[in-house]
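Comments concern the structure below.
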Amino acid sequence: MLPAFSIGELIKKSCISVCAAFLCALSMNLFLVPAHVYAAGINGAAQLISDILFDGLNLHLSIGLLILVLNLPIAVLGWYKVGKSFTLFSFITVMLTSLFLTVLPVHPLSSDILLNSIFGGMISAIGVGIALKYGISTGGLDIIAIFLTRRNRNASSGKYFLILNGIIIVIAGAVYEWQYALYTLISRFVNSYVIDMIHTKYQKLTVMTITDQSDRLVEAIQDQFDRGMTVIPSYGGFTGTKKSTLMMVISHYELYKMERLIKSIEPNAFTNILETNKIIGTFHTEEQQRAIQAMKHGEHTLKVEQTLGPQDYERFQKLFGTSIVK
């Protein structure tokens, strides 16, 4: 089933995808590719494969085509295991990046490798950061990292980004000169720093919302996210008006959707978003949230039980026991 979007939302996300793809392609063709400095993730892997095939076998394969081919199996994985909306716009961005890489000429603006590393990393980071801010990814590495994180609850997706990007850098250094690997590290540092400025460097965020529509907001959040939350009675410091403070932890990929949901229920709600370093206790992934949602509607299948685990499955079975839809 395809995710539903309003026309305005579809246009907005499509424009973000075009901008993100154009900036990523621009950074590669004007800065990174001419300098033999490698981009992050699948884009960098495609760039490295293209260089090795050309230098070793004199076989020229388009980087744009390789990016598209490498992302195809990842898109299938993401569609079934990560989320349809996230994967759909991520793959649209990948296709546009492939197109722009093919259309835009490879034209170095500078012969200085350091300048190419810095500006290449910075321009691509602007595209990636804008995309993440609106709940979109620019390539397959995000999907792989999210999938692996869900398989291992105690690991962060940042760890997998580091490992997968590290493999690309080591291969580049072993096959070519190590200076290119070192300049790639500089580019990755700039890239990460700019993305953190635009979006957030933290994988988990704590959302605190002060509202007088707590019942509606709790129902809407549990319907779309199935996030547990703490409802704290509170009141206005100046007015003394009784309110409620909702506190919950979400992933940074859920931030855009959560902001839209809160604004749709109560546009004037005061929301404070805090960066979360560590969580001790239960934190359900998006896949587990879908399993909880299925249990709410009376689905008690083996797949749901395997996704939640026996303890959580039993707990939610008791919780929803009196409200299961038969």
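The values are calculated or read from the model by the stated rules, or taken from the named source; none is laboratory data. The model shown is predicted, which means the values in this text are computed figures rather than measured ones. All Cβ positions, even for glycine, are placed from backbone atoms using ideal geometry, and neighbour counts span all protein chains on display. Please note that ligands, DNA and RNA were not included when accessible areas were found on the heavy atoms of the full protein model with its side chains. Shrake-Rupley method; radii C 1.70, N 1.55, O 1.52, S 1.80 Å.
A straight chain from Leu65 to Thr206 at 0.36 nm per residue would run longer than the Cα-Cα distance by 46.8 nm.
Figure note: Phe225, Phe119 ranked by solvent-accessible area, largest first, 1.4 Å probe, ligands and nucleic acids not counted: Phe119, Phe225. Relative to the globular-protein estimate of 2.2 N^0.38 Å, the Cα radius of gyration of the chain stands at 1.11. Residue farthest toward the positive end of the dipole of the range 210-272, with Cβ of Lys/Arg at +1 and Asp/Glu at -1: which of Asn272, Tyr256, Gln222? Farthest towards the positive pole: Asn272. Compared with the dominant Cα axis of the chain, that is its longest principal axis, helix 7-27 is turned about 30°.
Here the Karplus relation 6.51 cos²θ - 1.76 cosθ + 1.60, evaluated at θ = phi - 60°, turns the backbone of the range 72-84 into coupling constants of 4, x, 5, 5, 5, 4, x, 4, 8, 10, 10, x, 5 Hz, with x for every Gly and Pro. Got a number for carbon plus sulfur as a percent of the chain's accessible area, 1.4 Å probe? Result for the chain: 64 percent of the exposed heavy-atom area is carbon or sulfur.
Projecting label points 7 angstrom from Cα along Cα→Cβ for Val18 and Glu299 puts them 3.6 nm apart.
Can you give the FRET efficiency to the nearest 0.05 for Leu104 and Arg290, using r as the Cβ-Cβ distance and R₀ = 45 Å?
It comes to 0.70.
Remark on the range 74-130: hydrodynamic radius 13.5 angstrom, per the Kirkwood mean of 1/r across alpha carbon pairs. Spacing of the modelled spin labels on Ile167 and Leu72, each 7 Å from Cα toward Cβ, amounts to 2.0 nm. Placing R0 at 22 angstrom, the Cβ-Cβ distance between Ile198 and Ile273 gives a FRET efficiency of 0.90 after rounding to 0.05.
The smallest convex shape that holds all Cα atoms of the range 1-132, its convex hull, gives 104 Å³ per residue. Out of every Cα-Cα pair in the range 173-257, what percent are more than 18 Å apart? When all Cα pairs of the range 173-257 are counted, 61 percent exceed 18 Å. Residue separation of Leu182 and Lys257 scaled by 0.36 nm, minus their Cα-Cα distance, works out to 23.3 nm of gained length. Between the beta carbons of Phe320 and Leu114, assuming R0 = 56 Å, the FRET efficiency works out to 0.45 to the nearest 0.05.
Here the extension length gained between Glu9 and Asn58 equals 13.1 nm, from 0.36 nm per residue of separation less the Cα-Cα distance. Placing +1 on each Lys and Arg Cβ and -1 on each Asp and Glu Cβ, with no other charges, gives the chain a dipole about its Cα centre of roughly 720 debye. Relative to the longest principal Cα axis of the chain, at what angle does helix 178-198 sit, 0 to 90 degrees, rounded to 10? Approximately 30 degrees, to the nearest 10. Accessible surface for the chain, divided over its residues, is 53 Å² per residue with a 1.4 Å probe. Computed from the C-alpha gyration tensor, the three semi-axes of the ellipsoid equivalent to the range 9-61 are 28, 11, 8 Å, from longest to shortest. Here's the picture: charge each Lys and Arg Cβ at +1 and each Asp and Glu Cβ at -1 in the chain, and of Gly237, Gly56, Met208 the one pushed furthest to the positive end of that dipole is Gly237.
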